[in-house]
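Each remark here refers to the structure printed beneath this line.
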Amino acid sequence: MNGGYPAGPLARSIAWATVLYLLLPITIVIPVSVTDQRYLSLPEHGISFRHYANLLGSESWLASIQQSFWIALGSTLIAVTAGTLCAIGCWRIGRRSTELVRALMLLPLIIPAIVYAIGLYRWFGTLDLLDRFLGVTLAHGVTGIPYVVITVSTALAAFDPRLEQAARGMGASLGQTLRWVILPRIAPGIASGAIFAFIHSWDELVLVLFIASRNVFTLPRKIWDGINENLDPSMAAVAVLLIVFTVALLALDGALRARRQ
Amino acid sequence: MSAPVAHALELRGLSKRYGSFIAVDAVSLRVDRGQFLTLLGPSGSGKTTILMAIAGFVAPSEGAVLLDGADITGLSPERRDFGMVFQGYALFPHMTVAENVAFPLRVRGLSRADRDARVRGALDLVQLAAFAGRRPSQLSGGQQQRVALARALVFDPALLLLDEPLSALDKKLRAELQDELKALHRRVGRTFVNVTHDQEEALSLSDQVAILNHGRLVQMGAPEALYERPRTRFVADFLGKSNFLQGTVREVGATGMALQAGATRLVQAGAAHPAPGRPALLSLRPEKIGLLAGAETAENEVAGTIASWAYLGAGYSLSVRTADLGEIRVALPAWRAPIAPREGLPVRLGWAADAAVPVLEDADAA
Ligand SMILES: Nc1ncnc2c1ncn2[C@@H]1O[C@H](COP(=O)(O)OP(=O)(O)OP(=O)(O)O)[C@@H](O)[C@H]1O
Ligand SMILES: [Mg+2]
């Protein structure tokens with residue numbers, strides 16, 4: 001921005017220190033992933049990509065990646081559908097009471113995941129959903145709803161209500177108005193919500209630890225077990241791939257937001 | 001746009017309350033087929049609320065909306081088939097001009113070929129055919145306004161509702177579009193209901209003007225009738241400029257009355273008058289007052305001095321201070337003006353007995 005006060009040296013140093021503090025732990029996995037050693041360490045004699053090769057050749061890693069992907073996709077679908085409908089409903093009704101509904105929908109964000117996980121564990125036991133693909137997808141889908149509600153509500157707040165009136169005034173039914181006017185306008189918000197819901201499921205561990213054991217073995221779960229049981233540098237390679245994937249999704253989100261302007 | 005079927009619209013005792021606040025208070029009016037009605041009033045007088053009640057977006061607290069005699073008060077907006085131009089246009093930003101105009105046709109399930117033909121026709125009507133592929137954000141305010149008009153007209157609605165369609169435009173463009181709107185109204189032969197707080201727009205466009213204040217219909221009539229024969233001080237003041245002369249009735253005759261204001265005696269033509277001894281209020285338009293030269297006389301005369309003046313191009317606006325009638329505003333044509341205005345100049349004002357009109361104080365009119 002022009003016209004603002006220039007940052008002083010102290011402010012600058014603190015800012016950079018914060019950036020480093022946030023980024024260093026993430027970046028450390030990059031050199032570790034190309035180590036030439038057989039255990040988690042920094043490269044000693046040179047760099048090697050064999051851990052990546054290992055990873056991509058390993059049946060169990062690929063299976064985990066695949067499983068995580070499908071669970072994330074399924075739960076994103078649930079979160080987007082439920083979250084979008086909820087946000088639009090609250091927006092249309094527009095009464096005080098809908099604030100309460102919205103607050104309720106944000107609960108999964110507020111309640112500690114571990115508390116939620118204990119509750120789910122009990123319920124899923126009786127519903128026979130433990131250690132099943134469907135159970136994990138449902139759990140991730142429900143906990144992903146807040147992200148969608150937030151982004152879609154934000155998009156709707158910027159939506160000119162006269163556009164809806166205009167559409168109805170020209171004879172459009174509720175469905176037509178939704179399909180042709182409201183959804184296209186809030187699509188970027190839905191996309192953002194979908195990306196966040198996907199990432200949420202993609203790196204979720206606590207719930208999975210509670211409600212899955214053998215059949216469902218997501219990527220974070222596999223990394224967790226790997227860290228505890230052996231110190232295979234493949235883990236660092238996985239981490240790097242995860243980072244690349246997440247950054248790509250966030251970049252996509254940024255691009256979508258930029259297009260909305 | 002052939003076979004013009006225009007609708008007659010009627011409001012019967014329409015009221016809208018928000019809690020204890022009365023936004024619209026028992027408004028009854030009628031627009032005949034093919035007429036251009038303007039709702040005119042200051043901000044907050046209930047114009048938009050009435051229009052929204054006609055469109056079906058606001059449910060009246062009391063009263064009814066009738067279309068060709070049929071009660072449509074309970075009909076939902078999407079089933080009323082009215083064209084509407086919203087304040088600020090409400091064009092769909094994610095659609096092109098052509099897609100915007102095609103929207104009402106798409107809703108009605110017309111085939112693509114039919115749609116294209118009618119969209120082209122509507123865009124031709126507002127002279128925007130060359131802009132069909134643009135987005136609303138790439139158009140000027142006046143062009144957006146015309147797109148909104150085309151979109152409201154394309155499905156051939158029997159009734160067109162316009163909420164301050166020209167308010168966002170600069171003066172010159174507004175004048176141009178006023179002419180266009182008027183020509184359009186004549187061409188399509190539909191019933192138009194327009195909302196504005198611009199009195200010039202109301203006068204120049206409408207067949208009928210309904211003047212609103214505090215949610216009430218104060219007076220309705222043809223523009224000339226309203227301007228020449230305002231019923232209340234509010235109408236006279238809101239529509240154009242006016243001087244208000246306060247006096248006491250002295251004599252009443254068959255063709256007029258005599259008033260006394262201090263030492264000044266006024267004669268006023270007209271038949272219906274208050275009884276002698278009662279106070280009376282006259283509205284006198286600045287352009288109906290002349291400057292009297294030398295021995296010239298008029299039915300009403302008053303002397304004063306110029307307190308202030310302004311040059312407006314076509315004329316001067318003088319404010320003349322008088323002993324008995326306060327400050328009187330006079331519109332003086334600038335071309336071959338009989339005097340060169342300056343402050344403190346003594347002048348004599350004169351006007352005919354039928355120049356002013358008696359009006360009611362607003363409190364008495366209620
Ligand atoms: N939803 C509402 N709740 C409460 N009061 C309202 C509501 N809508 C309108 N009003 C009030 O009703 C009155 C009339 O409003 P309306 O919008 O009809 O005025 P208007 O004549 O169109 O004014 P403007 O020229 O400023 O557009 C205003 O005092 C407004 O505050
Ligand atoms: Mg208004």
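The values are calculated or read from the model by the stated rules, or taken from the named source; none is laboratory data. Predicted, not measured: the structure shown is a model, and the values here were computed from it. Cβ atoms come from the backbone with ideal geometry, glycine included; neighbour counts cover every protein chain shown.
Scanning for something assigned to a loop (DSSP other than H, G, I, E, B) and within 29 Å of the chain's Cα centre (by Cα), does the stretch B:140-153 turn up at least one residue? Checked against the condition, which is being assigned to a loop (DSSP other than H, G, I, E, B) and within 29 Å of the chain's Cα centre (by Cα), the stretch B:140-153 yields at least one hit.
Among the residues of the stretch B:1-12, not one is at pLDDT 95 or above and either out of contact with any strand residue (DSSP E or B) (no Cβ under 8 Å at 6 or more places or on another chain) or assigned to a loop (DSSP other than H, G, I, E, B) (or both). Among the residues examined, B:Ser15 does not qualify as more than 16 Å from ligand 1 (Cβ to nearest atom) and part of a strand (DSSP E or B).
Being away from ligand 2 (no atom under 16 Å from the Cβ) and under 16 Å from B:Arg216 (Cβ atoms) is the filter; apply it to the stretch B:15-57 and report the residue that is nearest to the chain's Cα centre (by Cα). The residue in question is B:Leu29.
For the structure I just gave you, tell me whether B:Arg115 is away from ligand 1 (no atom under 16 Å from the Cβ), within 16 Å of B:Asp156 (Cα to Cα) and modelled with pLDDT of 90 or more.
On the way: away from ligand 1 (no atom under 16 Å from the Cβ): yes; within 16 Å of B:Asp156 (Cα to Cα): yes; modelled with pLDDT of 90 or more: yes.
Yes: the conditions hold for B:Arg115.
Looking across the stretch A:23-35 at every residue that is in a loop (DSSP other than H, G, I, E, B) and surrounded by 15 or more Cβ atoms within 10 Å (Cβ to Cβ), the one that is modelled with the lowest pLDDT is identified as A:Thr35. Per the listing B:Ser20, B:Ser28, B:Ser61, B:Ser45, the residue uniquely within 11 Å of ligand 1 (Cβ to nearest atom), in contact with a strand residue (DSSP E or B) (Cβ under 6 Å, 6 or more places away or on another chain) and of a type in the set (S, T, N, Q) is B:Ser45. Residues that are surrounded by 14 or more Cβ atoms within 10 Å (Cβ to Cβ), within 30 Å of A:Val208 (Cα to Cα) and out of contact with any strand residue (DSSP E or B) (no Cβ under 6 Å at 6 or more places or on another chain) are absent from the stretch A:12-21 altogether. Among the residues making up the stretch B:193-248, a single one is among the aliphatic types (A, V, I, L, M), within 29 Å of B:Gly262 (Cβ to Cβ), in contact with a helix residue (DSSP H, G or I) (Cβ under 8 Å, 6 or more places away or on another chain) and outside any helix (DSSP H, G or I): B:Leu239. Candidates A:Val181, A:Val238: the one that is of a type in the set (A, V, I, L, M) and within 14 Å of chain B (Cβ to nearest Cβ) is A:Val181.
Each row is one residue, and each column tells you yes or no for (1) surrounded by fewer than 21 Cβ atoms within 10 Å (Cβ to Cβ); (2) out of contact with any strand residue (DSSP E or B) (no Cβ under 7 Å at 6 or more places or on another chain).
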site: B:Asp198; (1), (2): yes, yes
site: B:Ser204; (1), (2): yes, yes
site: B:Gly215; (1), (2): no, no
site: B:Arg229; (1), (2): yes, no
site: B:Leu245; (1), (2): no, no
site: B:Ala254; (1), (2): yes, yes
site: B:Lys288; (1), (2): yes, no
site: B:Glu301; (1), (2): yes, no
site: B:Ile306; (1), (2): yes, no
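Among the residues of the stretch B:314-354, write down those that are under 15 Å from B:Thr264 (Cβ atoms) and within 23 Å of the chain's Cα centre (by Cα). Scanning the stretch B:314-354 gives no hits.
If I filter the stretch B:299-309 for residues that are in the same structural domain as B:Phe244 (by TED's automatic domain parsing) and either under 22 Å from B:Phe234 (Cα atoms) or not in a strand (DSSP E or B) (or both), do I get at least one hit? Checked against the condition, which is being in the same structural domain as B:Phe244 (by TED's automatic domain parsing) and either under 22 Å from B:Phe234 (Cα atoms) or not in a strand (DSSP E or B) (or both), the stretch B:299-309 yields at least one hit. For the stretch B:170-204, filtered to residues that are within 16 Å of ligand 2 (Cβ to nearest atom) and hydrophobic (A, V, I, L, M, F, W, C), the residue that is farthest from B:Thr48 (Cα to Cα) is B:Ala202. Scanning the stretch B:88-116 for residues that are more than 8 Å from chain A (Cβ to nearest Cβ) and within 16 Å of ligand 2 (Cβ to nearest atom) returns a single hit, B:Tyr89.
Each row is one residue, and each column tells you yes or no for (1) of a type outside the set (D, E, K, R); (2) out of contact with any His (no Cβ under 9 Å at 6 or more places or on another chain); (3) free of Cβ contacts under 8 Å to residues at least 24 places away in the same chain.
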| position | (1), (2), (3) |
| --- | --- |
| B:Gly215 | yes, yes, no |
| B:Tyr227 | yes, yes, no |
| B:Pro230 | yes, yes, no |
| B:Ala254 | yes, yes, yes |
| B:Ala263 | yes, yes, no |
| B:Ala271 | yes, yes, yes |
| B:Pro276 | yes, yes, no |
| B:Arg285 | no, yes, no |
| B:Gly290 | yes, yes, no |
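One residue alone among A:Ser192, A:Ser213 is more than 14 Å from chain B (Cβ to nearest Cβ), buried (at least 21 other Cβ atoms within 10 Å of the Cβ) and small (Gly, Ala, Ser), and that residue is A:Ser192. The set of residues in the stretch B:37-81 being within 30 Å of B:Gly240 (Cα to Cα), buried (at least 19 other Cβ atoms within 10 Å of the Cβ) and either more than 14 Å from chain A (Cβ to nearest Cβ) or charged (D, E, K, R) (or both) consists of B:Leu37, B:Thr38, B:Leu39, B:Leu40, B:Gly41, B:Ser45, B:Gly46, B:Lys47, B:Ile50. Listed by position, the helices (runs of 4 or more DSSP H) enclosed by the stretch A:106-199 that each have at least 3 residues that are of a type in the set (Gly, Ala, Ser) are A:113-127, A:133-157, A:161-169. Quick check: anything in the stretch B:65-78 within 22 Å of B:His197 (Cβ to Cβ), more than 16 Å from ligand 2 (Cβ to nearest atom) and in the same structural domain as B:Phe192 (by TED's automatic domain parsing)? Scanning the stretch B:65-78, I find no residue that is within 22 Å of B:His197 (Cβ to Cβ), more than 16 Å from ligand 2 (Cβ to nearest atom) and in the same structural domain as B:Phe192 (by TED's automatic domain parsing), so the answer is no.
So is B:Gly34 without any contact (Cβ under 8 Å) to a residue 60 or more places away in the chain and surrounded by fewer than 22 Cβ atoms within 10 Å (Cβ to Cβ) or not?
no
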